[in-house]
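**Q** For reference, the structure I am asking about is given below.
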Amino acid sequence: MAYNGSLGSRLQAGLLAYNALHPDVLTRYGATLLNSRFDSPAAIAAGIRAPFANFGALWGAQATVRQALRPYPQFQNIDTGAGGGDHSGHSTYHSAMLRLEKRYSSGVQFQGSYVFSKILTDADSYWIGGAAMDHFNRRLEKSIGQFDVPHNIKMSGVYELPFGKGKAFMNTNSVTNFLLGGWRISGVFTASSGQPLALGTSNGLPLFAGTNRPIISTYDGWRPATAGNKFDPAVDRTIQPASFFPAQPANVMGNMTRYNPKFRSNPIYGNNVSFAKTFPIKEQIRLDFRAEMFNATNWARFNMGSLNLQSQTFGVLGNTAGDQGNSPRQVQFALKLYF
């Protein structure tokens, strides 16, 4: 048994948006005025002025009120992420680990492990993501990690059949030793929780910041019930219909965290089986045969489909290969000669 924890600070990220507008600007002026030209009658009436002499000539059709109000109106976005200058990311990881291993003289080996863990972060990976939804309140970006897997189980075993030379049964007959001796059966089973998911929205914000997030009223009950607790991709939804969630007015900042720890992709199961035998030919020559099955039980793991609230196919799977998240059963055979 063991505990493992780590803290990451100054992680490379892409959260900073130094040329974004404060959300108070949207409350004060409204989206319509922000998207209008800086020299329109409405903008002039609101007290908007060109931030520098040739502002209109520089920006042309993009000389909007919101461009004029930017901290650095002479620039577009100031990218500190792609150049490696944004090191504002932070993460914490905690896990409890249990590992079991047992070997028997009868030719049986077993290994098993279980990990219970949690990761919180605002920088999921080295690859730069989008800027913070609100540059002036980047604490909103801290959430359960995109790659958080709270439960992870792995088990493997090897069994050498007790037949043939050096074994308990049929150990004297060379014919039976050639046919039945040297067989090994092994298997690997894995099971892990799905990763947390997030909803998307097509409603943007005129603030030059990161992607907006939806408005929600609860983090519970997003996954609908299925008939007989068996998911049918042709009938069942992967998430409640859009009507389950509150109205999504345009130009309103969402309140959802980056990922919902209670709504995850489907769990992952793996079950691989191998049958192998060594055929002794001469003292230094042998032939190995292997038959292997990957996803032996042919379990199907379905993806989640579109999770954009404004999508016509929100939470609905189609009849495409992309709706399945794993490979079907695969069987392979191999012969290897050692000499």
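**Q** Shape verdict for segment 20-76, please, from the Cα gyration tensor: rounded (a/c under 1.5), prolate (a/b greater than b/c) or oblate.
**A** Because a/c hits 1.5 or more and a/b fails to exceed b/c, segment 20-76 counts as oblate.
**Q** Could you give each residue of segment 140-151 its phi-based ³J(HN,Hα) in whole Hz, using Karplus coefficients 6.51, -1.76, 1.60 with θ = phi - 60°, and x for Gly or Pro?
**A** Those phi angles translate into 5, 7, 6, 8, 4, x, 4, 9, 5, 10, x, 10 Hz.
**Q** Here is a follow-up. Per-residue HN-Hα couplings for segment 328-334, Karplus 6.51 cos²θ - 1.76 cosθ + 1.60 at θ = phi - 60°, whole Hz, x for Gly and Pro?
**A** x, 4, 10, 10, 9, 10, 8
**Q** Then there's this: Can you give the local net charge around residue 195? Use residues other than it whose beta-carbon is closer than 12 angstrom to its beta-carbon, Lys and Arg +1, Asp and Glu -1.
**A** Values: positive: 264; negative: 124, 148.
Result for the neighbourhood of residue 195: -1.
**Q** Determine the distance separating the Cα centre of segment 1-42 from the Cα centre of segment 104-129; give it in Å without decimals.
**A** Computed from Cα coordinates, the inter-centre distance equals 34 Å.
**Q** Arrange 147, 55 by Cβ neighbour counts within 10 Å, fewest through most, would you? All intermediate terms of the calculation are to be shown ahead of the outcome.
**A** Details: 147 12, 55 17.
Final ranking by Cβ density, sparse to dense: 147, 55.
**Q** Quick check on packing: order 224-231, 134-141, 77-84 by the mean number of other C-beta atoms within 10 Å, highest mean leading. Write down the numbers at each step before the final one.
**A** Working: 224-231: 9.8, 134-141: 17.1, 77-84: 13.9.
In descending order of packing, they fall as 134-141, 77-84, 224-231.
**Q** Net charge near residue 14, counting Lys/Arg +1 and Asp/Glu -1 over other residues with Cβ under 9 Å of its Cβ?
**A** That sum, taken over residues with Cβ under 9 Å, equals -2.
**Q** Follow-up question, since we're still on this one. Per 5 Å bin, what percent of the C-alpha pairs of segment 159-290 does each bin hold, from zero upward?
**A** 2, 8, 12, 12, 10, 7, 6, 5, 5, 6, 6, 6, 5, 5, 4, 1, 0
**Q** Turning to a different aspect of this structure: What does the charge dipole of segment 212-339 about its Cα centre add up to, to the nearest 20 debye, if the Cβ of each Lys and Arg holds +1 and the Cβ of each Asp and Glu holds -1?
**A** Dipole size: approximately 300 debye.
**Q** Now for a separate question. With a cut-off of at most 15 other beta carbons within 10 Å, and DSSP calling the residue loop, which trypsin sites (Lys or Arg not before Pro) in segment 295-336 qualify? Please list them.
**A** Sites meeting the loop and neighbour criteria: 329.
**Q** Near residue 215, within a Cβ-to-Cβ distance under 15 Å, what is the net charge of the other residues, with Lys and Arg +1 and Asp and Glu -1?
**A** +1
**Q** Fewest to most neighbouring Cβ within 10 Å: what's the order for 3, 72?
**A** Details: 3 8, 72 11.
In order of increasing Cβ crowding within 10 Å: 3, 72.
**Q** Moving to a separate point now. So, with +1 on the Cβ of K and R and -1 on the Cβ of D and E, and no other charges, what is the size of the charge dipole of the chain about its Cα centre, to the nearest 20 debye? Intermediate results must be reported in sequence, preceding the final value.
**A** Details: 31 positive and 18 negative charges, 180 e Å.
Dipole of the chain, to the nearest 20 debye: 860 debye.
**Q** Treat the count of other C-beta atoms within 10 Å as a stand-in for reagent exposure and order 167, 262 from fewest to most.
**A** So the residues, fewest neighbours to most, are 262, 167.
**Q** Let me ask another. Within the set 154/262; 102/336; 165/277; 118/230; 118/154; 102/277, which residue pairs have Cα atoms separated by over 20 Å? Walk me through the numbers on the way to the answer.
**A** Details: 154/262 23 Å; 102/336 29 Å; 165/277 13 Å; 118/230 28 Å; 118/154 18 Å; 102/277 23 Å.
Long pairs (Cα-Cα over 20 Å): 154/262; 102/336; 118/230; 102/277.
**Q** Shifting gears a bit: Karplus couplings for segment 41-47 from phi (6.51 cos²θ - 1.76 cosθ + 1.60, θ = phi - 60°), rounded to Hz, Gly and Pro as x?
**A** Karplus values, whole Hz, x for Gly and Pro: x, 5, 5, 5, 5, 7, x.
**Q** Using only C-alpha atoms and all pairs of different ones, pull out the Kirkwood radius for the chain in Å with one decimal.
**A** Result for the chain, one decimal place: 25.2 Å.
**Q** Same structure again: Could you please state, rounded to a whole Å, how far the C-alpha centre of segment 262-286 is from the C-alpha centre of segment 133-172?
**A** With segment 262-286 and segment 133-172 each reduced to a Cα centre, they are spaced 14 Å.
Any read-out appearing in this document is the output of simple, stated calculations on the displayed coordinates, not a laboratory observation. Just so you know, these numbers come straight off a predicted model, no measurement behind them. Cβ coordinates were reconstructed from backbone atoms using ideal geometry, including for glycine residues, and neighbour counts include every protein chain displayed.
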